[in-house]
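Presented below is the structure to which this report refers.
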Amino acid sequence: MSLLNGKRILLGVTGSIAAYKAGELVRGLRAAGAEVRVAMTRGATEFVAPLTFQALSGHPVHEELLDAGAEAGMGHIELARWADAILVAPASADFIARLVQGRADDLLAALCLASPVPLVLAPAMNTGMWQDPATQDNVRTLRTRGVLLFGPAEGEQACGDVGPGRMLEPDALVAQLGEIFQSGALAGRTVVVTAGPTREPLDPVRFLSNRSSGRMGFAVAQAAREAGAKVILVAGPVSLPTPERVERLDVETAAEMLSATIKATEGADILVATAAVSDYRPREVAADKIKKDAEELNLPLVRNPDVLAEVKQARPGLFCLGFAAETSRLEEHALAKLRAKGIEMIAANRVGPAAPEAGGTFDSEVAELTLYWEGQKEALPLAPKDRLARQLITSLAQCFEQWRAEPGAAGRRVVSLHATRKAGSGEGG
Ligand code: CTP
């Protein structure tokens, strides 16, 4: 799995002869596991027909800002929110100039303005245009705003000139784009994640379990890996592929999850407990299949160990983030769990009828979370779980660093937890 796996890339194509290479770029991005939507400027459509990109991306191409038909599908604001990153390739000299001015008079420029996600430009233009002080000033301005530039490369150009200005080749762009998802915020750390449900056997063929899909935990494991951590995923029975470069330990019962997690956290820095552990298990496991002889069947249950609380007790130096799924009084219950388990941070989410927009279930594709730590709180609004997991990891990494610097005061001085393009600066090149 590449770093682009599951990422949503909005590819902007502007008017440059290099637009013909953007088709190959779409294929490369999709081969790396990314979902791609394409927005074209009018100039770009003079070079390549939108139908080409529709066929290659599998989705209609977005062209017009004020298009009632397109707005009825995925509107431009929705598209801006959908993306994990925007890549404009090729980026013409004119488009770069328009970005500097913050223009929103065509769809692609408006999307770049509206979206807070990383914006990457792959310039493609004549050498003279690239070297002109106006373009160089524009590029400097955009870099100070955190816009990333990939290329341009040097070489022979379509017009016959030789020098800088060629768009980087599609495979180089795919590789560099993947790297922006590797944040390094947890570089050198070991993170253990518990995920999924547990199964508590009743007899050789039956068990008690719950609806947890494990999606949140797997997304957290992937996000922690992308942030540079070594990740060990202790997974209950789920049918999800293991994120790339993540070590996975499969378990069934709460007892197995506890011993695997104790072992995995030896020498680890952080535990993220997303697992929906069965709080109870049948007191006895029948050796043979239970027969339907009786009219009424009572199954005595006994308490399971609390994996998170026990691991925290055994390893006080471990920074622990728990989850609290609640149907009511979210904050009160979440804070009570934070205190009862002696953990540093808790992520609370509403479940059941209280969260209709999240599907009301554990196995939904989207969720929203509120993070609590040391008298602080931060809301992470409704989003696909992979994106939510990345935000969670960003916040977690900052709180963890704060806690290490000043144990017992995790995150007290954390002011802004999310460095976005609009708030931050970036590297160019
Ligand atoms: N947890 C755990 N082991 C358990 C139960 C929960 O590790 N046996 C962890 C979960 O992974 C989660 C947090 O503890 O991080 C949830 O806290 P908990 O109070 O146990 O939540 P619920 O089980 O939902 O509690 P309740 O049913 O009382 O609301």
| Probe 1.4 Å - accessible area at Met129, Å² to nearest ten | 100 Å²
| message | What figure, in Å² to the nearest 10, do you get for the accessible area of His333 with a 1.4 Å probe and non-protein molecules left out? | response | 60 Å²
| Rounded Å value of the spacing that divides the Cα centres of the range 363-388 and the range 159-186 | 32 Å
| Relative contact order [Cα under 8 Å, 6+ residues apart], the chain, whole percent | 13 percent
| request: Could you let me know the centre-to-centre spacing of the range 113-135 and the range 247-300, using Cα atoms, in angstrom? | output: 55 Å
| Heavy-atom SASA rank of Arg145, Arg303, Arg189 (probe 1.4 Å, accessible area, largest first) | Arg303, Arg145, Arg189
| said: Taking the Cα centre as origin and putting +1 on Lys and Arg beta-carbons and -1 on Asp and Glu beta-carbons, what dipole magnitude results for the range 275-388, to the nearest 20 debye? | reply: 320 debye
| remark: In Å², rounded to a whole number, the accessible area per residue of the chain with probe 1.4 Å is 46 Å²
| field | Segment Gln54-Ser259, extension gain: residue separation times 0.36 nm, minus the distance between their alpha carbons | value | 68.7 nm
| remark: In terms of the charge dipole of the chain, which places +1 on Lys and Arg and -1 on Asp and Glu at the beta carbon, the residue among Ala124, Thr242, Gly188 farthest towards the positive end is Gly188
| note | Shape call for the range 190-405, from the Cα gyration tensor axes a ≥ b ≥ c (a/c under 1.5 means rounded, otherwise prolate when a/b beats b/c, else oblate), comes out prolate
| query | If you rank Thr327, Thr141, Thr253 by how much accessible surface each has, with a 1.4 Å probe, what is the order from largest down? | reply | Thr327, Thr141, Thr253
| request: Give the shape of the range 1-88 as rounded, prolate or oblate, defined through the alpha-carbon gyration tensor: a ≥ b ≥ c are the square roots of its eigenvalues, a/c under 1.5 means rounded, and otherwise the shape is prolate if a/b is larger than b/c and oblate if not. | output: oblate
| remark: the chain, Gaussian network, Cα under 10 Å: of Ala114, Ala34, Ala347, the residue fluctuating most is Ala114
| Accessible area of the chain belonging to carbon and sulfur atoms, whole % at 1.4 Å probe | 51 percent
| request: Name the helices (complete DSSP H segments) of the chain with a Cα length along the long axis of 18 Å or more and a Kyte-Doolittle mean of at least -1.0, or state none. | output: 385-405
| task | Please express the shape of the chain as an equivalent ellipsoid: the semi-axes are the square roots of 5 times the eigenvalues of the C-alpha gyration tensor, given largest first in whole angstrom. | result | 47, 23, 19
| field | Three-way shape call for the range 228-333 based on the alpha-carbon gyration tensor, with the a/c threshold at 1.5 | value | prolate
| To the nearest 500 deg cm²/dmol, what mean residue ellipticity at 222 nm is calculated for the chain from DSSP H runs of n ≥ 4 alone, each contributing -39,500 (n - 2.57), summed and divided by the residues? | -9500 deg cm²/dmol
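The values are calculated or read from the model by the stated rules, or taken from the named source; none is laboratory data. Since the structure is predicted, the reported quantities are computational estimates derived from the model, not experimental observations. Glycine also receives a Cβ, built like all others from the backbone with ideal geometry; neighbour counts cover every protein chain displayed. Protein only, heavy atoms only, side chains kept; ligands, DNA and RNA dropped before computing areas. Shrake-Rupley method; radii C 1.70, N 1.55, O 1.52, S 1.80 Å.
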